[in-house]
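*Asks:* I have a structure here, written as C-alpha cells, and I will follow up with some questions on it.
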Amino acid sequence: MDLAQLMEACNQYAKPAGFRPAYGTAGFRAEASLLHSTVFRCGLLMAARALKTGAATGLVVTASHNPVTDNGVKLVEPTGYMLDQSWEAWADKLADAEDAEALCAIIRDLYQKEDIPYGSGVVMLAHDTRPSAEELIKAAGSGVKALGGLPIVCGLLTTPQLHWMVRHCNNSLKHTESCYYEEIATGFSHLVHSCKAKRQVLTVDCANGVGAEKLKALAERLSGKLDVTLRSTGEGGLNDGCGADYVQKERRFPAGMEDCQNGARCASLDGDADRLVYFQRLPGGQLQLLDGDRIAVLAALLIRDILDRLSHDAASPSVGIVQTAYANGASSQYIREQLRLETAVTATGVKHLHAAAERFDIGIYFEANGHGTVLFRPALIERLHKLGDSQEAAKDLLALLGMVNQAVGDALSGILLVEAALRRRQWGLNDWAQLYTDLPSRQLKVKVKDRSVVTTADAETRAVTPEGLQSRINESVRGAPSGRAFVRPSGTEDVVRVYAEAQTQQAADKLAQQVARHVHELAAGIGAAP
Ligand code: 16G
Ligand code: MG
C-alpha cells in the first residue's frame with residue numbers, strides 16, 4: 001500500500017460537510033450527489049475484504065426501489081452473500097471518516113486488527129440503470145485501485161446477477177452473464193419439460209429498471225418456454241408509480257398496467273430486480289397481491305411434491321421456511337398447520353433470513369416484500385449428485401438448485417420458480433391464492449427526530465425502548481380481533497415503521513393508527529436530531 005498515493009486518492013473524494021452515512025439494512029443509500037466519498041471508501045473496504053478472504057468480492061451501485069435521484073452500494077462477500085456483519089462496523093467507520101487523514105488512520109487500524117495481508121484484491125463492480133452510476137462506479141474503482149486492488153467492471157447488471165457471478169467466480173465456475181441465463185434457464189427447462197399445463201402469458205412490470213433488459217435476455221434464452229410481456233421497461237421514471245415495492249406497499253396497479261384484464265397473470269420487479277411480487281385484478285376490480293409469503297409457500301409445495309418421489313437412503317432432508325414479523329399471520333399459520341413445516345422468524349433484512357435458512361437442508365426464506373430464495377445445504381447437494389443418476393426426483397432437485405440463485409434473492413430466478421411450480425401443478429393464480437386468505441394489514445411510517453430511540457427485541461416483534469411503548473402497543477392489540485402489531489426503525493429511510501394486522505381492514509387500519517400515535521407520543525421528541 002502506497003500511503004502517499006492513498007492519501008491523494010482519499011483527498012479527491014472528500015466527504016460532503018455534515019454528511020453522516022451509515023450502513024443500513026443492506027448497505028449505504030442517500031441522494032446520489034452525496035455518495036462519491038462513500039462509494040470510494042466502499043471500494044477500499046471491498047479490496048481489503050478480498051485480501052482478507054483471499055477471494056474476489058463484489059460491489060453493486062444501486063439504490064434498489066428508491067427514487068432515481070438516490071443511489072447506494074450493496075457489498076458482496078466471496079460466497080455471493082452480503083457483506084459479513086462483522087465488517088459492517090468497518091464500513092461505517094470508513095464511510096464516516098471526516099477527512100483523508102482520519103480515513104488513512106482507519107485503514108491502518110483495519111490492516112492491523114484484521115491482519116490483512118499485502119497484495120492485490122479483486123473486486124467485481126456492477127450498477128443498475130441510474131444516471132449517477134457512471135461517476136459512482138468510477139469512484140468505486142478508484143477506491144479499489146487506491147489499495148492496490150484490481151476492479152473488474154462488469155457493467156449493467158441486476159444486483160442478484162453480480163452476487164451470482166462473484167459466487168461462481170470464487171467456485172471456479174463459469175461466471176459470465178450469459179452463463180447465468182444458461183444455468184437458470186436449464187434448470188427451468190428441466191423442471192417444466194413434461195408439463196402439460198397450458199402456458200399463460202406473464203405481464204411483468206419492470207419498474208423502469210435493469211430488470212427489463214435482463215428479463216428480455218432470459219426470455220430469449222428460453223425461446224418460447226416462458227411467455228412474458230414487459231411493461232415499464234424504461235419509458236417512465238425508475239420505481240415511479242411502479243415496481244414491486246410500490247405494488248406491495250400501496251396495493252395499487254403499477255403505471256402502464258392500470259387496465260390489466262381480470263385474472264391476467266402479472267408480476268412486478270423492483271429497481272435492481274432482487275424483489276418479486278405477483279398480482280392479479282379480481283372481478284370486483286381490486287388488486288390481489290401474491291407476495292413473498294405466498295412465493296415461499298408455493299416453493300415449499302414444489303419441493304414437497306419432488307421430495308415425495310425421492311426414495312431416501314437416509315433421513316429425509318429437513319425443509320424449513322424463514323420469515324420476518326412482516327409475514328402475514330395467515331401464511332405462518334398455513335405453513336405450521338397445513339404444510340407442517342418448521343418456521344423461523346428473524347429481523348428484517350436478507351442477511352438475517354439467509355443465515356437462518358442455512359440451518360435447514362433446504363431452507364426457504366422470503367420477506368413479504370418479495371425478497372428471498374431457496375438454499376440447499378452442501379451435504380444435501382452431494383447426496384443428490386450421488387442419487388442423480390438413478391432417481392428422477394434427485395435430478396429435479398438439482399435442476400431446482402441450478403434455477404434458484406443460491407447467493408441472494410433474485411426476481412428473475414424467482415419468476416422461473418413460480419412459473420415452474422404453477423405449471424407442474426397445472427395451477428392458475430386463483431389456485432395459488434386460495435391456499436389461504438391473508439389477514440388485512442396496514443403499514444405506516446412515523447417521522448421522528450431520532451429513529452434510533454426505538455429499539456426492538458425478539459426479531460423486532462417487541463419494542464424495548466422507549467419505555468412504555470410496548471405496553472401501549474399490547475393494550476391496543478388486545479382491542480383488535482386477531483390483532484398483531486409491531487414497530488421498528490427503518491434501516492433504509494429516516495422513519496419508524498408500523499405494521500398492524502387484524503380480522504378486518506378497518507380494525508387493522510385503526511390498530512396501525514393507534515400504534516403510530518403511541519410512537520409519535522413516546523418517541524417523536526426525544527433523541528438527537530439526525
Ligand atoms: C432492504 C433489504 C430488505 C428489507 C428492506 C427493509 C436486503 C438485500 N434488502 O431493502 O431485505 O426488507 O431493506 O427496509 O437486505 P426498511 O429497513 O427500510 O424497512
Ligand atoms: Mg432491490
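The values are calculated or read from the model by the stated rules, or taken from the named source; none is laboratory data. From a predicted model like this one, the values you see are computed outputs, not experimental measurements. Positions of Cβ are backbone-derived with ideal geometry, glycine not excepted, and every protein chain shown enters the neighbour counts.
*Asks:* Within the stretch 478-499, how many residues turn out to be within 15 Å of ligand 1 (Cβ to nearest atom) and within 16 Å of Thr456 (Cα to Cα)?
*Replies:* Of the residues in that region, 11 qualify.
*Asks:* With the requirement that a residue be within 30 Å of Glu521 (Cα to Cα) and touching a residue at least 60 places away in the same chain (Cβ under 8 Å), what does the stretch 415-446 give you?
*Replies:* Leu439, Pro440, Ser441, Arg442, Gln443, Leu444, Val446
*Asks:* Limited to the stretch 483-513, what total is found for residues that are surrounded by fewer than 20 Cβ atoms within 10 Å (Cβ to Cβ) and more than 16 Å from Tyr326 (Cβ to Cβ)?
*Replies:* Within the stretch 483-513, residues that are surrounded by fewer than 20 Cβ atoms within 10 Å (Cβ to Cβ) and more than 16 Å from Tyr326 (Cβ to Cβ) number 8.
*Asks:* Taking Gly72 as the residue in question, decide whether it is crowded, with 21+ Cβ neighbours inside 10 Å and touching a Ser or Thr at 6+ places or on another chain (Cβ under 8 Å).
*Replies:* Against the criterion (crowded, with 21+ Cβ neighbours inside 10 Å and touching a Ser or Thr at 6+ places or on another chain (Cβ under 8 Å)), Gly72 qualifies.
*Asks:* Out of the strands (runs of 3 or more DSSP E) lying entirely within the stretch 137-254, which hold 3 or more residues that are more than 20 Å from Ser268 (Cα to Cα) and away from ligand 2 (no atom under 16 Å from the Cβ)?
*Replies:* 150-156
*Asks:* Still on this structure: What do you reckon, is Asp305 touching a residue at least 40 places away in the same chain (Cβ under 8 Å) and farther than 17 Å from Ile364 by Cβ?
*Replies:* Judged against the criteria, Asp305 is not a match.
*Asks:* Mind checking which residues of the stretch 255-272 are more than 19 Å from Glu213 (Cα to Cα), outside any loop (DSSP other than H, G, I, E, B) and either among the aromatic types (Phe, Trp, Tyr) or touching a residue at least 40 places away in the same chain (Cβ under 8 Å) (or both)?
*Replies:* Passing the criteria: only Arg265.
*Asks:* Still on this structure, I have one more. Could you check the stretch 110-136 and list, in sequence order, the residues that are part of a loop (DSSP other than H, G, I, E, B) and farther than 28 Å from Thr69 by Cβ?
*Replies:* Glu114, Asp115, Ile116, Pro117, Tyr118, Gly119, Ser120, Gly121
*Asks:* Determine which single condition Ser268 fails, assuming it passes every other condition in (1) more than 16 Å from ligand 2 (Cβ to nearest atom); (2) touching an Asp or Glu at 6+ places or on another chain (Cβ under 9 Å).
*Replies:* Against the list (1) more than 16 Å from ligand 2 (Cβ to nearest atom); (2) touching an Asp or Glu at 6+ places or on another chain (Cβ under 9 Å), Ser268 comes up short only on (1).
*Asks:* Starting from the stretch 143-155, take each residue that is at negative phi and list its partners that are surrounded by 21 or more Cβ atoms within 10 Å (Cβ to Cβ) and assigned to a loop (DSSP other than H, G, I, E, B), counting only C-beta distances under 6 angstrom and pairs at least six apart or across chains.
*Replies:* From residues that are at negative phi, the pairs are Gly149/Gly121.
*Asks:* Moving to a separate point now. Out of Arg275, Arg304, Arg294, which single residue is under 23 Å from Ala399 (Cβ atoms) and buried (at least 24 other Cβ atoms within 10 Å of the Cβ)?
*Replies:* Arg294
*Asks:* Where the second residue is part of a helix (DSSP H, G or I) and the first is among the small types (Gly, Ala, Ser) and lies in the stretch 83-109, which pairs have Cβ atoms under 6 Å and are six or more apart or on separate chains?
*Replies:* What qualifies is Ala91/Leu45; Ala95/Thr38; Ala95/Arg41; Ala97/Leu103; Ala97/Ile106; Ala100/Met7; Ala100/Cys10; Ala100/Asn11.
*Asks:* List the number of the failed condition for Ala394; all other conditions in (1) over 27 Å from Ser482 (Cα atoms); (2) at pLDDT 95 or above; (3) buried (at least 20 other Cβ atoms within 10 Å of the Cβ) hold.
*Replies:* (2)
*Asks:* If you go through the stretch 23-66, how many residues are touching a helix residue (DSSP H, G or I) at 6+ places or on another chain (Cβ under 6 Å), over 20 Å from Lys138 (Cβ atoms) and within 16 Å of ligand 1 (Cβ to nearest atom)?
*Replies:* Looking only at that region, the number is 2.
Table: residues versus (1) assigned to a strand (DSSP E or B); (2) more than 20 Å from Asn369 (Cα to Cα).
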position	(1), (2)
Leu439	no, no
Leu444	yes, no
Ala463	yes, yes
Ser482	no, yes
Arg497	yes, no
Ala500	yes, no
Val515	no, yes
His520	no, yes
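*Asks:* Here is a follow-up. Would you call Gly141 in contact with a Ser or Thr (Cβ under 6 Å, 6 or more places away or on another chain) and surrounded by fewer than 24 Cβ atoms within 10 Å (Cβ to Cβ)?
*Replies:* Answer is no for this residue.
*Asks:* Considering only residues that are at pLDDT 95 or above and touching a Lys or Arg at 6+ places or on another chain (Cβ under 8 Å), which ones fall in the stretch 306-324?
*Replies:* Val319, Gly320
*Asks:* Identify, from the list Thr38, Thr53, the residue that is over 30 Å from Gly241 (Cβ atoms) and touching a Pro at 6+ places or on another chain (Cβ under 6 Å).
*Replies:* Result: Thr53 is the single residue among Thr38, Thr53 that is over 30 Å from Gly241 (Cβ atoms) and touching a Pro at 6+ places or on another chain (Cβ under 6 Å).
*Asks:* Could you list, in sequence order, the residues of the stretch 342-362 that are away from ligand 1 (no atom under 16 Å from the Cβ) and at pLDDT 95 or above?
*Replies:* Correct list: Arg359, Phe360, Asp361, Ile362.
*Asks:* Starting from the stretch 110-134, take each residue that is of a type in the set (Lys, Arg) and list its partners that are in a strand (DSSP E or B) and buried (at least 24 other Cβ atoms within 10 Å of the Cβ), counting only C-beta distances under 8 angstrom and pairs at least six apart or across chains.
*Replies:* Cβ pairs passing all conditions: Arg130/Val61; Arg130/Asn71.
*Asks:* Which residues, counting only those in the stretch 330-352, are within 16 Å of ligand 2 (Cβ to nearest atom) and aliphatic (A, V, I, L, M)?
*Replies:* The one that is within 16 Å of ligand 2 (Cβ to nearest atom) and aliphatic (A, V, I, L, M): Val350.
*Asks:* Okay, next question. For the stretch 45-69, how many residues are within 16 Å of ligand 2 (Cβ to nearest atom), of a type outside the set (Gly, Ala, Ser) and crowded, with 24+ Cβ neighbours inside 10 Å?
*Replies:* Final tally of qualifying residues: 5.
*Asks:* Scan the stretch 117-131 for residues that are of a type in the set (S, T, N, Q) and more than 22 Å from the chain's Cα centre (by Cα) and jot them down.
*Replies:* Of everything in the stretch 117-131, just one residue is of a type in the set (S, T, N, Q) and more than 22 Å from the chain's Cα centre (by Cα), namely Ser120.
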